[in-house]
1. Does Gln134 satisfy the condition of being in contact with a Lys or Arg (Cβ under 6 Å, 6 or more places away or on another chain) and polar (S, T, N, Q)?
2. Can you find even one residue in the stretch 68-87 that is within 16 Å of the ligand (Cβ to nearest atom), in a loop (DSSP other than H, G, I, E, B) and either not hydrophobic (A, V, I, L, M, F, W, C) or not assigned by TED's automatic domain parsing to the domain that holds Glu154 (or both)?
3. From the list Asn193, Asn148, Asn174, Asn208, exactly one residue is away from the ligand (no atom under 16 Å from the Cβ), within 16 Å of the chain's Cα centre (by Cα) and part of a loop (DSSP other than H, G, I, E, B). Which is it?
4. Can you tell me which residue in the stretch 93-117 is nearest to the ligand (Cβ to nearest atom), limited to those that are touching a Cys at 6+ places or on another chain (Cβ under 8 Å) and among the hydrophobic types (A, V, I, L, M, F, W, C)?
5. Give the residue that is surrounded by the most Cβ atoms within 10 Å (Cβ to Cβ), with candidates limited to residues of the stretch 118-140 that are away from the ligand (no atom under 12 Å from the Cβ), over 16 Å from Pro246 (Cα atoms) and under 24 Å from the mean Cα position of the chain (by Cα).
6. Answer yes or no: is there a residue in the stretch 15-27 that is within 16 Å of the ligand (Cβ to nearest atom) and touching a Lys or Arg at 6+ places or on another chain (Cβ under 7 Å).
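The values are calculated or read from the model by the stated rules, or taken from the named source; none is laboratory data. All values reported here derive from a predicted model rather than from experimental measurement. No Cβ is skipped: glycine too gets one built from the backbone with ideal geometry, and neighbour counts run over all protein chains shown.
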Amino acid sequence: MAKFFDEIKKQFPIFKGTEWKDLVYLDSAASSQSPDCVINAVSDYYSTTHSNVHRGVHSLSQKATQIYESARQKVQQFINAKYAHEIIFTRGTTESINLIADTFAKKYLQPNDEILLSQMEHHSNIVPWQMAAQRTGAKLKIIPINENGELLMEDFRNLFSQNTKIVAITHISNVLGTINPVKELIAFAHQQNVPVLIDGAQGIKSQNIDVQELDCDFYCFSGHKMYAPTGIGILYGKEKHLEALPPYQGGGDMIERVSFEKTTFNALPFKFEAGTPNIGGAVGLSAAIDFINDCGVENLIEHELQLLDYATNRLHEIEGIRIIGNAAQKAGVISFLLAQHHPADVGTLLNMMNIAVRTGHHCAQPLMDRLQIKGTVRASFGVYNSKEDIDKLVIALCKVKQMLS
Ligand SMILES: Cc1ncc(COP(=O)(O)O)c(C=O)c1O
């Protein structure tokens, strides 16, 4: 298996150039690197097929439309959505969540209605709901976590009331690595007739996603965390919800007929895609899905888990390491503190030794408050990482410890 992944790493041009050849890249939870096939697909698109989509009678526009719509079908198959029109292209997870928070609030939220979020959410799955709550008089209710970084399921169930209108929860925590039992959460919420939005920013590359099996109402993710370019993401929504929600932004492509008196809106998915979309991004996302499928989703999951296990054991060998997040079910994200040292100091020194990690609050300040820490050092894994990368991290951390004491 290690050889298989060594070969895969060769497909990533960033590690082939002289500048980053020896870089140990442990920041894939923020943004993963892209393989040749993705970069080439985007480049080919601009060299051979680029034109605006949907409105053109000319052949180049039709070709661009065909490639854009086949990217949508690729995503549909990848997450097993029932219909292609349940796949909305967005700029990323953040925009997908904003789209739902905004339109859901307009359609359904009233004063004193309740939105359930968890203590481990990324700001992207807090602030849009907070803004929706401020506009409508609705309230946020927060599902607490235990010391290991797992949701308290009993508390989750007890938080439901007649006023609960939606649950919005992350699939995998970008700080703790916790894999939440989303299927169970969704089943319970549905028994109370409450829809569930899953923030899949971290889930999409670390799990085999089948939205019909999960039965989630919405699933949001970003291309740039799954080997695709930035600026492209997905909102999956069940047809019945997307049909019922009002449009998010107004503009070209999302309309059926416009007059100064009245506008009628286009069918799904175009109702939610105002303006010229990121066609090149969709092409890149489609190529990234091919790449993931070629590697084998199960192989990627297994590889990440092996790295997580190895890293957890090796980090524990360093005296003074405190791992933040010890859930029974974890993905390839590992947060830690090195003795009393500030995460930014640790990260800066690691960078001087050619190791890229992320430090800080990771856009999860309420979680930091709950844990009573300012931030963490976070290592996260991608398809190009190996046990040797973790060995290098451990050696470097031992040096950092000496330098800072
Ligand atoms: C759990 C989670 N949700 C949401 C986001 C936001 O993703 P994006 O910045 O791609 O919109 C991130 C990004 O790190 C994340 O980890």
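1. Working: in contact with a Lys or Arg (Cβ under 6 Å, 6 or more places away or on another chain): no; polar (S, T, N, Q): yes.
Here the answer is no, as Gln134 does not meet what is asked.
2. Restricting attention to the stretch 68-87, the residues satisfying the condition of being within 16 Å of the ligand (Cβ to nearest atom) are 75.
Adding the requirement that they be in a loop (DSSP other than H, G, I, E, B) leaves none.
No, that holds for no residue.
3. Values: Asn193 fails: within 16 Å of the chain's Cα centre (by Cα); Asn148 fails: within 16 Å of the chain's Cα centre (by Cα); Asn174 fails: away from the ligand (no atom under 16 Å from the Cβ).
Answer to the check: Asn208.
4. Here is the first cut: in the stretch 93-117, the residues touching a Cys at 6+ places or on another chain (Cβ under 8 Å) are 93, 96-97, 100.
Subset that is among the hydrophobic types (A, V, I, L, M, F, W, C): 97, 100.
On the way: Ile97: 7, Ile100: 13 Å.
Across the stretch 93-117, the extreme among qualifying residues is Ile97.
5. Trp129
6. The answer is yes; a qualifying residue exists.
For every residue, the table says whether it meets (1) buried (at least 19 other Cβ atoms within 10 Å of the Cβ); (2) closer than 30 Å to Ser51 by Cβ.
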position: Ala282; (1), (2): yes, yes
position: Leu285; (1), (2): yes, yes
position: Ala288; (1), (2): yes, yes
position: Phe291; (1), (2): yes, yes
position: Gly296; (1), (2): no, no
position: Ile301; (1), (2): no, no
position: Ala311; (1), (2): yes, no
position: Ile318; (1), (2): no, no
position: Arg322; (1), (2): no, no
